[in-house]
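Below: the structure, in C-alpha cells.
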Amino acid sequence: PFALVAQLPFFKGNRYPSRYSVMLVLSLSMLVAFGLAALLRPRKERPKATLTVLGLLLAGLLLFEHLSIPLPMSDMRVPPAYRAIADEMPGDFTLLDLPVAWRNGFRVTGTQHPTIMFQQYYQSVHGKRILAGNTSRNPPLKFQYFTETPLINTLIALETGHQVDLAVVEQDRALAADVLRFFDVQAIAVHPAHTGADTIPYIEATMPVQRWYEDGEMIVYTTDLPPRPETWAVEPDDAVGRLSYAEGWGMPANGVNWAQRKAVRLLVPLNGEAQRMAFRTFAPEGGRELRIEVNGQAVQWIGMAAGWMEYEAALPAEIVQSGLNEIWLRFDSLTPASQVRLSPRAIGQTGIESPVNLVIQSAGQEVGDFGHVYVDGQDAAPNERGYNVVVLDPQSGEVVQATTFDTHLDEGASQALAAFLGDVPEGHIVAVAAADEASRLLGQEAVDALRGIGATGDLQGRFRWGHAIVGVQGAAPGT
C-alpha cells in the first residue's frame, strides 16, 4: 500500500514506511495502557503481591524491549589532517574531500560510504568550502552539475569501482588546472581506504598537486593553480566553459544552449575588476525583454529582437567579486520548444531527420539514475530501471509507444526488448535511454536488436553504465 501513498503529493515526502511507526507506537501505547489497567486492577482473587510481581515483570519487559547492548557508538574524533588544514592553511578556499559524494533523502550520488556523512562534521573544524555534502531536499541539478564536471566525473567512477579509459585520463590532465581553478580548489584531502586503488595514481598523474600531509589514515595535497583568467568564455561545447551553466539551462549541443526557464544562472570566475559582458543570443520572437543581474544587483534591461543578435553590458567594479560571480538572466516570457527549430535534427547517418526536437539523457545509479527521452521538451520515457524505449512516428513525431525493460532484475526483459524492437515498423524513430542499471541480465539478442536501429555499444559486463540512443528501425549498425 505504501507504494500508492508514495505517489501522492505531500505524503510522498515521508519516503519511508518506517516513519509511520511514530504514529503507530503512539496508538499502541494507548492500547497498552488500557491492557495494563485491566491486568493490574485489584481483584479479590488476585493478591497484592501478585500484582506487584506482575507490574515489575511488565516494566522489565518494556525495558528489555528497548535495551541496546553494546550501545552503538560513532568515532567522533576528527582526523589530525583536518586540524592541520585549519592551523596551517589560512584563507577562504575550497577543499576537495575524497571520497566525494552527494546525499539527500532519496539517493546518494557517488560513493555510498559513511565517510561522506562525516565530511560536513569535519568541515566544522577545518572551516573550508567543500563541493559535496548532505541535504534533505534538492533539485536534481544540484547533484547532476558535479557528476558531469571533468575530473569529478572520473573521481566518482574510480571510487565506485569503474574502469576509466586512458583517453579520458589524458583529457582530464589537459583540463585539470582550469577545473580546479574554477572551483578554487587549493587542497585535496584523501581517505585512501575508501577511494579505490586507482584514485591516488590518477590524482598524481593528472592534477597539479604536491603531497603536503600524510599519515596512516589520510593524504593531503596542495594545488598549484593558474591565475584567474582575464577573460572568460562561456562556450556550450567547451568542457571548462560549460561549468558556467547552472540552473535553468538545457543540454549544450551544436554550439548552442537553450534557456529553459524565465530565470537562468551563470557562474563566472572574475578578478574583481570592472568587466564588459558581451554575448550572442537567439530569440525565437521579437519584443522580448531581458534583465541582467550580477550578484543580486540589477545591471541592465535589454530589448531583444528576433533571430541572432549581439548585445553588451557593462559590469561596474563595485558589484563584481574576485572568484565566482552569479549572473542571472531574467526573461519576461518563453517560447514552447515545439515552436522552435534551430539545431540540426539529422539522426546520425541514417538519412532520416526527426520532425521534433529530441533530447536523450541516460545515467547509471551513481551519477544520476535516470533515463529521459524529451520530445519537444516533454519527457516521454517511463524513466524506470533498465532500458526505457520510446517509438516515434517519423512523419508527425507523435509518440507511438513508450515502455521500459528491466534488464537488471527481470530474466525475461532482454528477450522482451529484442521482440519489441523487432516489431517496430521500418523507418520509425526509436529513442532509448538506460537508467540506473541495465547490464546484469542483458543478453546478446537485445544487443543485436539495438544494433538493428543503428546503435553501437554493448552494456554487457558494464555495471551501471549509461546508454543513450536515437535510432531508426532498419538502419545499419553504427549509423
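The values are calculated or read from the model by the stated rules, or taken from the named source; none is laboratory data. Note that this is a predicted model, so its numbers are computed, not measured. Neighbour counts run over all protein chains shown; Cβ positions are idealised from the backbone, glycine included. Accessible surface is based on the protein model in full, side chains and every heavy atom, while ligands, DNA and RNA are left aside. Shrake-Rupley method; radii C 1.70, N 1.55, O 1.52, S 1.80 Å.
Can you spot a residue in segment 237-248 that is within 24 Å of residue 345 (Cβ to Cβ), surrounded by fewer than 17 Cβ atoms within 10 Å (Cβ to Cβ), out of contact with any Phe, Trp or Tyr (no Cβ under 6 Å at 6 or more places or on another chain) and modelled with pLDDT under 95?
Yes, there is a match, as at least one residue in segment 237-248 is within 24 Å of residue 345 (Cβ to Cβ), surrounded by fewer than 17 Cβ atoms within 10 Å (Cβ to Cβ), out of contact with any Phe, Trp or Tyr (no Cβ under 6 Å at 6 or more places or on another chain) and modelled with pLDDT under 95.
For segment 423-467, which positions are open to solvent by 60 Å² or more (accessible area, probe 1.4 Å) and either touching a residue at least 24 places away in the same chain (Cβ under 8 Å) or β-branched (Val, Ile, Thr) (or both)?
Across segment 423-467, the qualifying residues are 425, 426, 440, 445, 448, 451, 456, 463, 464, 465.
Which of the residues belonging to segment 364-405 are surrounded by fewer than 19 Cβ atoms within 10 Å (Cβ to Cβ) and under 17 Å from the mean Cα position of the chain (by Cα)?
Within segment 364-405, 383, 384 meet the criteria.
Out of everything in segment 151-177 that is within 22 Å of residue 372 (Cβ to Cβ) and outside any helix (DSSP H, G or I), what residue ends up being farthest from the chain's Cα centre (by Cα)?
162
Answer yes if at least one residue in segment 244-260 is of a type in the set (A, V, I, L, M, F, W, C) and over 30 Å from residue 360 (Cβ atoms), and no otherwise.
no
Can you tell me which of 69, 116 is assigned to a loop (DSSP other than H, G, I, E, B) and among the hydrophobic types (A, V, I, L, M, F, W, C)?
After applying the criteria, what remains is 69.
Listed here are the residues, each with its yes/no results for (1) modelled with pLDDT of 95 or more; (2) touching a helix residue (DSSP H, G or I) at 6+ places or on another chain (Cβ under 6 Å); (3) under 25 Å from residue 340 (Cα atoms); (4) hydrophobic (A, V, I, L, M, F, W, C).
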residue: 379; (1), (2), (3), (4): yes, no, yes, no
residue: 390; (1), (2), (3), (4): yes, no, yes, yes
residue: 393; (1), (2), (3), (4): yes, no, yes, no
residue: 402; (1), (2), (3), (4): yes, no, yes, yes
residue: 410; (1), (2), (3), (4): yes, no, no, no
residue: 421; (1), (2), (3), (4): yes, yes, no, yes
residue: 426; (1), (2), (3), (4): yes, no, no, no
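Do we have any residue at all in segment 57-66 that's open to solvent by 100 Å² or more (accessible area, probe 1.4 Å), out of contact with any strand residue (DSSP E or B) (no Cβ under 7 Å at 6 or more places or on another chain) and assigned to a loop (DSSP other than H, G, I, E, B)?
The answer is yes, given that some residue of segment 57-66 is open to solvent by 100 Å² or more (accessible area, probe 1.4 Å), out of contact with any strand residue (DSSP E or B) (no Cβ under 7 Å at 6 or more places or on another chain) and assigned to a loop (DSSP other than H, G, I, E, B).
Only one of (1) within 26 Å of residue 141 (Cβ to Cβ); (2) without any contact (Cβ under 8 Å) to a residue 60 or more places away in the chain; (3) outside any strand (DSSP E or B) is not met by residue 231, so which one is it?
It is condition (1) that residue 231 fails.
Does segment 172-186 contain at least one residue that is without any contact (Cβ under 8 Å) to a residue 12 or more places away in the chain and not acidic (Asp, Glu)?
For segment 172-186, residues without any contact (Cβ under 8 Å) to a residue 12 or more places away in the chain and not acidic (Asp, Glu): present.
Checking the conditions here, which among 33, 38, 3, 86 is surrounded by 12 or more Cβ atoms within 10 Å (Cβ to Cβ) and hydrophobic (A, V, I, L, M, F, W, C)?
Testing whether each residue is surrounded by 12 or more Cβ atoms within 10 Å (Cβ to Cβ) and hydrophobic (A, V, I, L, M, F, W, C) leaves just 86.
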